[in-house]
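Working notes, beginning with the structure itself.
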Amino acid sequence: MCGIFAAYKHENAEAFKPRALQLSKRIRHRGPDWSGNVVKNSTILVHERLAIVGLDSGAQPITSPCGDYVLCVNGEIYNHIQLRESCPDYKYKTLSDCEPIIPLYLKHDIDAPKYLDGMFAWCLYDAKKDRIIAARDPIGITTLYMGRNSKSPKTVFFASELKCLTDDCDSIMAFPPGHVYDSETDQITRYFSPDWIDEQRIPTEPVSYKAIRESLEKAVRKRLMAEVPYGVLLSGGLDSSLIASIAARETEKAMKEMDTTAYDSEDKHLTGIDDQGNLHTAGWSRLHSFAIGLPNAPDLLAARKVAKFIGSIHHEHTFTLQEGLDALDDVIYHLETYDVTTIRASTPMFLLSRKIKAQGVKMVLSGEGSDEIFGGYLYFAQAPSAAEFHTESVKRVKNLHLADCLRANKSTMSWGLEARVPFLDREFLQLCMNIDPAEKMINASEGRIEKYILRKAFDTSDEPDEKPYLPEEILWRQKEQFSDGVGYSWIDGLKDTAERVISDELFSTPKEHWGADIPTTKEAYWYRLKFDALFPQKTAAETVMRWIPKADWGCAEDPSGRYAKIHEQHIGDK
C-alpha cells in the first residue's frame, strides 16, 4: 500500500507542483519510505511509497521506457509474475508488482483492471493521448477519491484520502469499487461484473466445504507475497483466527519445503531459509500475531488460546478507556468518517497498528469481509427469508468500501502498515457469494450458528489424519464485533462520555447543513461535530455512509452485536 495524488489537465501543472507536493504530504503516513512525482504536459502524479515488494527498484511513479506512460499505484498485484509472462515484449524497468499495469493498458486499454488480481487504486497517464485512466479494485479494499472544482471543470483530481482534496475541490466522491475512469469519455464504468453482484439474483449452488477450505487457503497463500516482516491481526474471533491458523500453516510448510539458503540477487526476491531456519519471505522464522483490548477483554483471552494453539509468537497490547478517548480526534482525521460503528472499531485498530509498526512490521493479514459474505453479523438471524438474507449480504459486500474496508485500510495505513484481506479474494467471493443462502441461514434449533458453513469447512473432527485448524471452543465461538470484543466497557465508555459532552439542549438542535442526516444518539452527534471541525467542507460528508442494522427486520438501532436478540449476553436480558 502507498498514497497517491494526481491532478489531470491542471491549467498550470508546473506552477501547481509545489501545492501538489504539499497536498500529497498530507498522506505521507501511507508511504513513509519515499516520495516521487512526475509532471507531464498538464498532469502531475505524486506518490508516497510503502515498500513491500521490489524494495530496491519499485519507486514510483513508474515511467515506461519510452517515457509516454506514467503510473501511480496504491496496492498489491498478486498475479504480477503471470502478468509479466503474458506481456513478454515489454521492457520492464523495475521488479515492482505494479509495473505490469502499463503493458496491460497497452494491450487491453481500459479493460486492463479486469486482469488484475489484487487490491489497488491507480492512475495511469498516457502522454501521447493526453489521457488519464484511473481504477479501483473490485471491492474497494484500497481507498480512492475523485474530485473536481467548478471553476476549472476540465481538471480532475484523484487521491488516496479525502484530506488531499477538500481544499481544492468543491465536488468529491468516493471512487466506486470495480470501476474505471477514462478521461477520453469523462465516464466511470464498471469493469467488475460477476453474476453475484446483482442483489436480486438468488443463487442456488450447493455448499462444498472442501472448496471453501481450499479457496481460503489459496487466498491466504497468495497474500504472503512480501519481502518484509509480516504478521496477522488476531482478535480471537473466528475470522481472524482462521486467517492466522492458515498463515501459520503456510509459513511452516514453506520452511519445510525450502532447503536452500539462496538469496537470488538477480531478481531481488528472498526465496529461502538461512542456517538458523529463518524464512526470508516472512522476515521471521515463525508467524507473529497481534491483539489488542482493554485489560481482560474477551478477545484478548480468546486470542491467547489461538496463538498458543497455532504456535505463533504472540504480542498482546492493552489500552485504557482514556487512551481510546484521547485518540478519537486522530482516528476521525485519519478515517475521514463520522460513522459510529467505524469509529468504535477503528480506535483500537488504530492504536494497535502503531504498536505493530513500532515492532518492525509492515504488513498484516486481517479478517474483514467474512461477516458480509456469510451473514455473520448477529442481526442476520432476524432475516425473514433466505432471499432477503442474500440480498442484505450482497449489499453489505458492495458497501464494504465505506465501512470495514475503509476502517482496515485507513486504521493501519495511518502508521504505514498494510492490511491484506484474504476473505475478499476474487475467487473466494465468486465461490461463496454463489452458495444457496439457505445454507448460510442462522437456525438455532438445528445448531446452525452464524457462519456455520465456514466453521464446518474447517472442522476436522471427522478427519483423524488432519491436524485441527483451531480449538473447538474458538471454531464455534459466537460472533463478537471487534468494538465489543476489545471490551464491553469500551462502547459503554464512549456512550457515557458522549452523554457528558453533548447536552440535551445541544442534541435537540442539529446543524442546518446536516440536512436529513441527523444523528439519533448523542454518541453519533459527538462524532459528527468532530468530523465537521476537521472537514468543514460540505462535500466531505457526502463521502460518508452510516452503518446500521436492518430496521425493517426489527433490529436494534445500536450496531453493537450485544443488542442482537441471539447474543449470549443480550443487553435486554441484563
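The values are calculated or read from the model by the stated rules, or taken from the named source; none is laboratory data. As the structure is a computational prediction, the values presented were derived from the model and not from experiment. Note that we place each Cβ from the backbone using ideal geometry, even for glycine, and neighbour counts take in every protein chain shown.
Step by step: first the residues of the stretch 373-390, then only those that are in a helix (DSSP H, G or I) and under 18 Å from the mean Cα position of the chain (by Cα), then the one that is surrounded by the most Cβ atoms within 10 Å (Cβ to Cβ). Which residue is that?
The extreme case among them is Phe374.
Say we look at the stretch 225-242 and pick out the residues that are in contact with a helix residue (DSSP H, G or I) (Cβ under 6 Å, 6 or more places away or on another chain) and part of a helix (DSSP H, G or I); which of these is surrounded by the most Cβ atoms within 10 Å (Cβ to Cβ)?
Top of the filtered list is Ser241.
Name the residue that is nearest to Gly31 (Cα to Cα), counting only residues in the stretch 402-430 that are out of contact with any Leu (no Cβ under 9 Å at 6 or more places or on another chain) and surrounded by 24 or more Cβ atoms within 10 Å (Cβ to Cβ).
Checking each candidate, the answer is Asn409.
Would you confirm, using the coordinates I've provided, whether Ser393 is among the polar types (S, T, N, Q), buried (at least 24 other Cβ atoms within 10 Å of the Cβ) and in contact with a strand residue (DSSP E or B) (Cβ under 7 Å, 6 or more places away or on another chain)?
For Ser393, the condition - among the polar types (S, T, N, Q), buried (at least 24 other Cβ atoms within 10 Å of the Cβ) and in contact with a strand residue (DSSP E or B) (Cβ under 7 Å, 6 or more places away or on another chain) - is not met.
Only one of these is assigned to a loop (DSSP other than H, G, I, E, B) and either touching a residue at least 60 places away in the same chain (Cβ under 8 Å) or closer than 15 Å to Asn79 by Cα (or both): Thr166, Thr155. Name it.
Matching residue, one of Thr166, Thr155: Thr166.
Just the residues that are out of contact with any Ser or Thr (no Cβ under 9 Å at 6 or more places or on another chain), farther than 30 Å from Ser160 by Cβ and either not in a strand (DSSP E or B) or not assigned by TED's automatic domain parsing to the domain that holds Tyr230 (or both), please, taken from the stretch 306-343.
Lys308, Gly311, Thr320, Gln322
Considering only the stretch 56-86, how many residues are more than 26 Å from Glu161 (Cα to Cα), of a type in the set (A, V, I, L, M, F, W, C) and either surrounded by fewer than 19 Cβ atoms within 10 Å (Cβ to Cβ) or not assigned by TED's automatic domain parsing to the domain that holds Ile133 (or both)?
Total meeting the criteria: 2.
Just to be sure before I move on: is Ile491 at pLDDT below 95, farther than 28 Å from Pro194 by Cβ and assigned to a helix (DSSP H, G or I) in the structure I sent?
yes
Out of the residues in the stretch 174-218 meeting the condition of being among the aromatic types (Phe, Trp, Tyr) and assigned to a loop (DSSP other than H, G, I, E, B), tell me which one is nearest to Glu466 (Cα to Cα).
Filtering the stretch 174-218 for residues that are among the aromatic types (Phe, Trp, Tyr) and assigned to a loop (DSSP other than H, G, I, E, B), the one nearest to Glu466 (Cα to Cα) comes out as Phe192.
May I ask you to verify whether Ala174 is outside the structural domain of Ala219 (by TED's automatic domain parsing), in contact (Cβ under 8 Å) with a residue 40 or more places away in the chain, touching a Pro at 6+ places or on another chain (Cβ under 8 Å) and within 23 Å of Arg26 (Cα to Cα)?
No, not satisfied.
For Leu454, work out the one condition from (1) assigned by TED's automatic domain parsing to the domain that holds Pro229; (2) in a loop (DSSP other than H, G, I, E, B); (3) under 26 Å from Met119 (Cβ atoms) it doesn't fulfil.
Of (1) assigned by TED's automatic domain parsing to the domain that holds Pro229; (2) in a loop (DSSP other than H, G, I, E, B); (3) under 26 Å from Met119 (Cβ atoms), only one is false for Leu454: (2).
Would you mind finding the one in Thr539, Thr543, Thr521 that is in contact (Cβ under 8 Å) with a residue 40 or more places away in the chain, over 25 Å from Gly375 (Cβ atoms), of a type in the set (Val, Ile, Thr) and out of contact with any strand residue (DSSP E or B) (no Cβ under 7 Å at 6 or more places or on another chain)?
Thr521
Mind checking which residues of the stretch 109-152 are free of Cβ contacts under 8 Å to residues at least 40 places away in the same chain and of a type in the set (Phe, Trp, Tyr)?
Tyr115 - this is the single residue of the stretch 109-152 that is free of Cβ contacts under 8 Å to residues at least 40 places away in the same chain and of a type in the set (Phe, Trp, Tyr).
Give the stretch 118-152 a look and list any residue that's farther than 17 Å from Ser24 by Cβ, assigned to a loop (DSSP other than H, G, I, E, B) and hydroxyl-bearing (Ser, Thr, Tyr), or say none.
Scanning the stretch 118-152 gives a single hit, Ser150.
Against the conditions (1) part of a helix (DSSP H, G or I); (2) more than 12 Å from the chain's Cα centre (by Cα); (3) in contact (Cβ under 8 Å) with a residue 60 or more places away in the chain, where does Arg396 fall short? Just the number, please.
(3)
Here is a check on your reading of the model: is Pro437 crowded, with 22+ Cβ neighbours inside 10 Å, touching a residue at least 40 places away in the same chain (Cβ under 8 Å) and either farther than 20 Å from Val220 by Cα or not assigned by TED's automatic domain parsing to the domain that holds Ile491 (or both)?
The answer is yes for Pro437.
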